[in-house]
Each structure stands twice: as structure tokens, then as C-alpha cells.
Amino acid sequence: RFIIMKAADSSPTAGGTMVESRGEDKQFNIGGWTAPDSWIDWRIKLNEGGRFTVQTEIAGFGTPRLRVTCGNAAFETKLPKTGAYGEFAPVTLGEIELPAGTTNLALRPVKEGWLPINIRRIMLRPVE
């Protein structure tokens, strides 16, 4: 069972991020993410804690690094380029241990070498 967090349900910080629609299917995404000091987060509620695979759909020209945080858990990952801001591709970011209850899951740029990306959604899938 997946937990899906859509772009329209996110809380982007001011300065370089916005919710927009892009791509052939005009789905909402977080775009204009030019400022390495800005981040995006989602408020999530988990009935049961556990280990989750974090997946997303991204689009962009570069290969920046992204930090995924939730509570005390965090990891960094390098993103692949897709060739265009409207050309989205599924990407597995990594795995993270999450507690039961309500918390925030955040995506933060790694400032050094940051390049703009667009993100459609974040999906959490329990690791079997």
C-alpha cells in the first residue's frame, strides 16, 4: 500500500518554489525550484511506523543532490536528469525509517551544485 503526497498538498517555502502544471498531461508539480535555500514539506500521518521506500516523479536538465528528512531520519541522493522540465520520470530516492504518528517529510536541496528540478509527488511504500 502506497502513501501518496501530491504537489498540491505540499508546503513549499517562499523563494524559488511554486505549484504549477506542466507536461503533456498538465498534472500539478512543484516547479521553479531555483533557490537552494528553499525546501518543500508534507505533513503526514502514519498509523504504523516502519521502513519505507521513498519514490518520486521528477523532471529537469541537471543532476543535483537532494536531502530527504523526516524527524531524525535523513538521507541524500543524486537525481538523474530527464532532459526537460516537462519530461517526468519515476525515481526511487532511497529508504527511510519513519515513526508512527504525525510528522513532516521534507525535501531540501544540497546547496553545492543545486540545479532546478520539478517534482510531481512523493510516494512512500512500506519495505517488505
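The values are calculated or read from the model by the stated rules, or taken from the named source; none is laboratory data. Computed from a prediction, not measured in an experiment: that's the story for all the values here. Quick reminder, even Gly has a Cβ in these numbers, built from the backbone with ideal geometry, and neighbours come from all protein chains shown. Heavy atoms of the whole protein, side chains included, go into the accessibility calculation; ligands, DNA and RNA do not. Shrake-Rupley method; radii C 1.70, N 1.55, O 1.52, S 1.80 Å.
Tabulated results
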| read-out | value |
| --- | --- |
| Residue within the stretch 66-76 that is more than 19 Å from A89 (Cα to Cα), in contact (Cβ under 8 Å) with a residue 40 or more places away in the chain, touching a strand residue (DSSP E or B) at 6+ places or on another chain (Cβ under 8 Å) and not charged (D, E, K, R) present | no |
| Residues (more than 29 Å from E128 (Cα to Cα) and either touching a helix residue (DSSP H, G or I) at 6+ places or on another chain (Cβ under 8 Å) or touching a residue at least 60 places away in the same chain (Cβ under 8 Å) (or both)) located in the stretch 36-65 | P36, D37, S38, W39 |
| Cross-chain or 6+ apart pairs with Cβ under 8 Å, the stretch 13-35 first and closer than 20 Å to L105 by Cα and open to solvent by less than 30 Å² (accessible area, probe 1.4 Å), then among the charged types (D, E, K, R) and modelled with pLDDT under 75 | N29/R22; G31/R22 |
| A59 being open to solvent by 30 Å² or more (accessible area, probe 1.4 Å), modelled with pLDDT of 90 or more and in contact with a Lys or Arg (Cβ under 9 Å, 6 or more places away or on another chain) | no |
| Residue pairs meeting the criteria (Cβ under 8 Å; at least 6 apart or on separate chains; first free of Cβ contacts under 8 Å to residues at least 40 places away in the same chain, in the stretch 94-105; second open to solvent by 60 Å² or more (accessible area, probe 1.4 Å) and among the β-branched types (V, I, T)) | none |
| Subset tally (residues that are open to solvent by 50 Å² or more (accessible area, probe 1.4 Å) and either in contact with an Asp or Glu (Cβ under 8 Å, 6 or more places away or on another chain) or modelled with pLDDT of 95 or more (or both)) for the stretch 64-79 | 4 |
| Scope the stretch 115-128; condition closer than 12 Å to P36 by Cβ and buried (at least 19 other Cβ atoms within 10 Å of the Cβ); matching residues | P116, I117 |
| Some residue of the stretch 88-105 being of a type in the set (V, I, T), more than 17 Å from M5 (Cβ to Cβ), at pLDDT 90 or above and surrounded by fewer than 16 Cβ atoms within 10 Å (Cβ to Cβ) | no |
